[in-house]
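Report on the structure given below.
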Amino acid sequence: MGDAFVMSSRQASELDFAFERNGWTPADVKKLSVGDMLAQVLPVVRGSGKVEIVRHIIDCDANPFTPNSWKVEEHRKGGELTWNPTKVNLHLSPNQIGDKVIRGDKLRKELASEPVLNANVLDYLLAHPNLIPEEWKGKAVFFWGTIYRVSDGNLYVRYVYFLGGRWRWDYRWLDRGWRVGNPAARLAS
């Protein structure tokens, strides 16, 4: 193994500035220090390995997953979406901010011209939960690009949320209220 590694305060400072300069978050640094991640990065640092960027491409034109005996009422197609969380924001209606509550059917009308993401994105993210931004925790993030109708005739929209250490999906009836913790996932302009 060799001599024990000792990092000087200057080296630690250089790393700290480099992480900040290159957009690293504390969560990124934590992931780097877990398990053998540094051993996997070392060949790149020493010039005997290379980094391959994985692109996560979501087919937003495909038919969405349809739970149970539901039917798709509306599905906004969006072509191929290369997932980039910096290109997605969590949209709130002015009628959701503070203590305000808006009914889902009214919110649906407000979002009609917004580039909201559809359920294909929701399902892709659930299959790749490491891609879901940490700041989504504590919220129910809705994917208004796909609206479902169930056998009782009611309309529903699906959402993701974090509970019990993992990401899950659920749905909400459009007759219910949406608050500040219920943003819509939409493409940033």
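The values are calculated or read from the model by the stated rules, or taken from the named source; none is laboratory data. Everything numeric in this text was worked out from a predicted model, so none of it was measured. No Cβ is skipped: glycine too gets one built from the backbone with ideal geometry, and neighbour counts run over all protein chains shown.
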statement: Every listed condition ((1) assigned to a helix (DSSP H, G or I); (2) exposed (fewer than 15 other Cβ atoms within 10 Å of the Cβ)) holds for Tyr124 save (2)
- request: Starting from the range 175-189, keep only residues that are closer than 17 Å to Val121 by Cβ, then list their pairs with residues that are β-branched (Val, Ile, Thr) and surrounded by fewer than 14 Cβ atoms within 10 Å (Cβ to Cβ) whose Cβ atoms are within a distance under 9 Å, requiring at least 6 positions of separation or different chains.
  value: Ala188/Thr86
- line: Within the range 74-92, restricting to residues that are farther than 21 Å from Ala127 by Cβ and surrounded by fewer than 18 Cβ atoms within 10 Å (Cβ to Cβ), the one that is nearest to the chain's Cα centre (by Cα) is Asn89
field: In the range 34-48, residue nearest to the chain's Cα centre (by Cα) [restricted to those that are among the aliphatic types (A, V, I, L, M) and surrounded by 10 or more Cβ atoms within 10 Å (Cβ to Cβ)]
entry: Met37
Every residue from the range 113-134 that is hydroxyl-bearing (Ser, Thr, Tyr) and either touching a Leu at 6+ places or on another chain (Cβ under 9 Å) or under 16 Å from Arg168 (Cα atoms) (or both): Tyr124
task: State which residue pairs qualify: first residue within 19 Å of Ala39 (Cα to Cα) and inside the range 1-21, second residue among the hydrophobic types (A, V, I, L, M, F, W, C) and surrounded by 10 or more Cβ atoms within 10 Å (Cβ to Cβ) in any location, beta carbons under 7 Å apart, and separation of 6 or more residues or different chains.
output: Phe19/Val29
message: Six or more apart or on different chains, Cβ atoms under 7 Å: show the pairs whose first residue is in the range 60-80 and among the small types (Gly, Ala, Ser) and whose second is in a loop (DSSP other than H, G, I, E, B) and loosely packed, with under 12 Cβ neighbours inside 10 Å.
response: Ser69/Ser151
query: If Asn130 passes every condition in (1) within 16 Å of Trp178 (Cβ to Cβ); (2) without any contact (Cβ under 8 Å) to a residue 24 or more places away in the chain; (3) under 18 Å from the mean Cα position of the chain (by Cα) but one, which one does it miss?
result: (1)
- prompt: Has the range 152-174 got any residue that is of a type in the set (Asp, Glu) and modelled with pLDDT of 95 or more?
  reply: yes
message: Scan the range 142-165 and tell me whether some residue there is surrounded by fewer than 16 Cβ atoms within 10 Å (Cβ to Cβ), polar (S, T, N, Q) and part of a loop (DSSP other than H, G, I, E, B).
response: yes
- request: Give the residue that is modelled with the highest pLDDT, with candidates limited to residues of the range 11-26 that are surrounded by 10 or more Cβ atoms within 10 Å (Cβ to Cβ) and within 18 Å of Pro133 (Cβ to Cβ).
  value: Trp24
- prompt: If you check every pair at least six apart or on different chains, which have Cβ atoms under 9 Å apart with a residue in the range 137-165 that is on the phi > 0 side of the Ramachandran plot first and a residue that is in a strand (DSSP E or B) and surrounded by 12 or more Cβ atoms within 10 Å (Cβ to Cβ) second?
  reply: Gly138/Tyr161; Gly138/Phe162
task: For the range 60-72, state whether one or more residues are among the small types (Gly, Ala, Ser) and surrounded by 12 or more Cβ atoms within 10 Å (Cβ to Cβ).
output: yes
